[in-house]
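The values are calculated or read from the model by the stated rules, or taken from the named source; none is laboratory data. Computed from a predicted model, the values in this text were never measured in an experiment. Please note: Cβ atoms are built from the backbone with ideal geometry, for glycine as well, and neighbour counts cover all protein chains shown. The accessibility values were calculated without ligands, DNA or RNA, using every heavy atom of the protein model including side chains. Shrake-Rupley method; radii C 1.70, N 1.55, O 1.52, S 1.80 Å.
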Amino acid sequence: MPTLTQLCGARNLTSLRTPLTWKTTSTLVRQGPTAQPGLPPDWLLFLCPEHADDLPGWPGSLVDTEDLLTLSCGAVLDFRSTEEVLQSHADLWLTPLTGVDTSMCIATEVWPDVLDQAHRVLGDQQQKADGESEPLGSLTGMLGMAAEYAKAGDLYQATVPLGYCESVARRLL
């Protein structure tokens with residue numbers, strides 16, 4: 001059985017995400033691909049047996065993690081760069097939910113505009129819902145925080161509210 005250090009190496013954690021919130025303790029980990037052969041996985045997704053096949057947007061091999069690390073089912077340790085984490089959010093929920101095209105996000109400078117545009121789209125959806133969607137209201141508020149952090153030049157900090165948004169967005173997709 002691999003240790004956590006063997007699974008993630010000496011890489012720095014860039015994001016803790018919870019695309020699936022479940023109170024069960026994980027016993028399996030899905031390992032994401034590596035950026036380069038011979039390197040540890042880019043991310044680790046902790047799952048319980050009941051949800052082992054959930055989250056198809058997070059493809060990777062499953063490993064038994066008993067006694068490795070106690071995390072809730074759905075927790076992700078992400079070791080990718082900030083830009084890669086932002087693109088992951090865009091691919092998994094931001095673009096499907098808002099329709100905002102992130103294909104232009106090759107440059108770091110574009111992310112503040114993308115997050116601001118997504119925030120405006122969700123704000124419009126919230127107005128049309130006339131306050132009837134609590135998850136949409138929470139998502140809109142947190143996405144606004146992410147957009148403000150990005151406008152201030154702190155893309156890394158913008159990933160924190162986006163992690164919350166990811167958990168809420170699953171209810172709306």
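Determine the calculated [θ] at 222 nm for the chain from helices alone, applying -39500 (n - 2.57) to every DSSP H run no shorter than 4 residues and normalising by the residue count; nearest 500 deg cm²/dmol. So the calculated ellipticity at 222 nm is -12000 deg cm²/dmol. Computed over the alpha-carbon pairs of the chain, the distance histogram in 10 Å steps reads 10, 37, 33, 17, 3, 0 percent, short to long. Nearest 10 degrees, 0 to 90: what angle lies between the long axis of helix 111-129 and the longest principal axis of the chain (Cα atoms)? For helix 111-129, the angle is close to 70 degrees. Would you mind checking the tilt of helix 134-151 against the longest principal axis of the Cα atoms of the chain, expressed as 0 to 90 degrees and rounded to 10? So the inclination is approximately 90 degrees. Most tightly packed first, judged by the mean number of other beta-carbon atoms within 10 Å of their residues, the peptides 17-23, 72-78, 52-58 read 72-78, 17-23, 52-58. Taking the accessible area of region 45-173, probe 1.4 Å, and keeping the other protein chains in place, the carbon and sulfur fraction comes to 49%.
Tell me, rounded to the nearest percent, the portion of alpha carbon pairs in region 53-102 spaced more than 12 Å apart. The share of Cα pairs beyond 12 Å in region 53-102 comes to 74 percent. At a probe radius of 1.4 angstrom, the accessible area of the chain per residue rounds to 51 square angstrom.
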